[in-house]
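Colleague: Below are the structure tokens for one structure; questions will follow.
Coordinate-derived values only; no laboratory data. Note that the structure is a prediction, hence the values are computed from the model and not measured. Using ideal geometry, Cβ is built from the backbone for each residue, glycine included, and neighbour counts are taken over all protein chains shown.
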Amino acid sequence: MSIKTRKISSSLKSKGFEPTEGDHTFYWFFLEGLRTHIKTKISHGTNEYGGHLLSVMRKQLKLKSALELKDLINCPMSQERYIELLKERDEL
């Protein structure tokens, strides 16, 4: 499975992540206006993320399976559901 970085970026923003530019683009998850400890990054110059990079991103986003990551990016998982999962896993 590979996913375009533009799709990942767009999906993260719609779920409450805010980008910070630097050597890479870091996406921090914000809840009720406060930055949480949950973050991931997208490297400049990378057009697609495949297996290994998606696995790293999944762990950074505190997701337990590739299916959860796919649902977060492709939008079947709402921001509200993502917050519920994080709370269930004692991440928030």
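Colleague: On a full-extension model of 0.36 nm per residue, what is the gain between residue 31 and residue 74, subtracting their alpha-carbon distance, rounded to one decimal in nm?
Modeller: The span from residue 31 to residue 74 would gain 13.4 nm if fully extended.
Colleague: So, one more: At most 16 other C-beta atoms within 10 Å and a DSSP loop state: those are the exposed trypsin sites (Lys or Arg not before Pro) I care about. Give me the longest piece of the chain that has none.
Modeller: In the chain, the maximal stretch lacking such sites is 1-63.
Colleague: Once you have the Cα-Cα distance between residue 23 and residue 55, take 0.36 nm times their residue separation minus that, and quote the gain in nm to one decimal.
Modeller: Once the chain is fully extended between residue 23 and residue 55, it gains 9.4 nm.
Colleague: Using Cα pairs closer than 8 Å and at least 6 residues apart in sequence, work out the relative contact order for region 3-88, in percent.
Modeller: 27 percent
Colleague: Under a point spin-label approximation (7 Å from Cα along Cα-to-Cβ), what is the residue 14-residue 67 distance to one decimal in nm?
Modeller: Spacing of the two 7 Å Cα→Cβ label points: 2.1 nm.
Colleague: Suppose we keep just the alpha-carbon trace of the chain; what are its Rg and Dmax in angstrom?
Modeller: Rg, Dmax (Cα atoms, Å): 12.2, 35.
Colleague: Could you list the residues of region 8-31 with an amide nitrogen less than 13 Å from a label point located 7 Å from the Cα of residue 39 in the Cα-to-C-beta direction?
Modeller: Output list for this probe position: 18-30.
Colleague: Give me 37, 24 sorted ascending by neighbouring Cβ count inside 10 Å, so fewest comes first. If you can, show how the numbers build up before the last one.
Modeller: Details: 37 9, 24 14.
In increasing order of surrounding Cβ atoms, one gets 37, 24.
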